[in-house]
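See below for the structure under consideration.
The values are calculated or read from the model by the stated rules, or taken from the named source; none is laboratory data. Since this is a predicted model, take the numbers as computed values, not measurements. Methodologically, a virtual Cβ is constructed for each residue, glycine included, from the backbone with ideal geometry; neighbour enumeration extends over all protein chains shown.
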Amino acid sequence: MSSTPIRRLFDDAYFERFYLDPRTRIGDENGARKLGRFIGAYLDWLDIPVRRIVDLGCGLGRLREPLLDAFEKASYTGVDRSEYLCREYGWVQESAATFRSNTRFDLVICNDVLQYLDDGEAKESLENMAALCRGALFFDALTLDDWQSVCDRSLTDDHCHIREGRWYRKRLAPAFIAIGGGMFISRRANISTYELMRA
């Protein structure tokens, strides 16, 4: 854990360790498929149409196929700051804070990214998500509670900024309504939710 800026090199060695090597990886394609199905089913149940998806910090892009299976008419834009990944997969090389688009997205994904950014850049990223999103956001980041009581520390990358969950919730609340499971609805979408659905 760090209170200083993180300058993690997101090269092939990083992705081999945390995503590809079965002995040390923190996630796999099966987990991405489950997450994609969950997002698809939840938004289908809420009748939120999805035609444009942006995945900020998409990494290997494991959510791409599950999301396109769930939303057959959607387009997917993968964004990552890793030069290695953008060269290998053709993603847009930008960060969650700096990516810009002339149109808004029905679904914004930002999964396990912001813990690598300092407070300023993380705040800018959350503001950017609010600007980009016209429908739903799936957001997750490693928190202090996760670190202390949930994650496997032998596999989880600790070279990051681990904040309390309320730090994120406070900055998401002006633009988003939390509806559980890492899902948030843009306040501009004007979608009604029942009280007990809201987290």
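General remarks:
One line per residue, one yes/no per condition, for (1) surrounded by 21 or more Cβ atoms within 10 Å (Cβ to Cβ); (2) farther than 23 Å from residue 55 by Cβ; (3) over 16 Å from the mean Cα position of the chain (by Cα):
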{"site": "117", "(1), (2), (3)": "yes, no, no"}
{"site": "124", "(1), (2), (3)": "no, no, no"}
{"site": "139", "(1), (2), (3)": "yes, no, no"}
{"site": "148", "(1), (2), (3)": "no, yes, yes"}
{"site": "151", "(1), (2), (3)": "no, no, yes"}
{"site": "160", "(1), (2), (3)": "no, no, no"}
{"site": "169", "(1), (2), (3)": "no, no, no"}
{"site": "180", "(1), (2), (3)": "no, no, no"}
{"site": "186", "(1), (2), (3)": "yes, no, no"}
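- Complete set of residues in the range 188-198 that are surrounded by 15 or more Cβ atoms within 10 Å (Cβ to Cβ) and among the small types (Gly, Ala, Ser): 189
- Condition met for residue 134 (closer than 17 Å to residue 183 by Cβ, among the basic types (Lys, Arg) and touching a helix residue (DSSP H, G or I) at 6+ places or on another chain (Cβ under 9 Å)): yes
- Residue among 78, 36, 59 that alone is on the phi > 0 side of the Ramachandran plot and either touching a helix residue (DSSP H, G or I) at 6+ places or on another chain (Cβ under 8 Å) or among the basic types (Lys, Arg) (or both): 59
- Elements of type helices (runs of 4 or more DSSP H) in the range 8-73, at least 1 residues being at pLDDT 95 or above: 29-45, 64-70
- Residue 88 being more than 23 Å from residue 28 (Cβ to Cβ) and of a type in the set (Asp, Glu): no
- Apart from one condition, residue 97 fits all of (1) closer than 18 Å to residue 64 by Cα; (2) touching a helix residue (DSSP H, G or I) at 6+ places or on another chain (Cβ under 6 Å); the exception is (1).
- Counted residues, the range 76-111 - those being more than 10 Å from residue 58 (Cβ to Cβ) and of a type in the set (Phe, Trp, Tyr): 3
To keep it simple, each residue is scored yes or no on (1) buried (at least 16 other Cβ atoms within 10 Å of the Cβ); (2) under 23 Å from residue 114 (Cα atoms); (3) out of contact with any Gly (no Cβ under 7 Å at 6 or more places or on another chain).
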position: 41; (1), (2), (3): no, no, yes
position: 52; (1), (2), (3): yes, yes, yes
position: 67; (1), (2), (3): yes, yes, no
position: 72; (1), (2), (3): no, no, yes
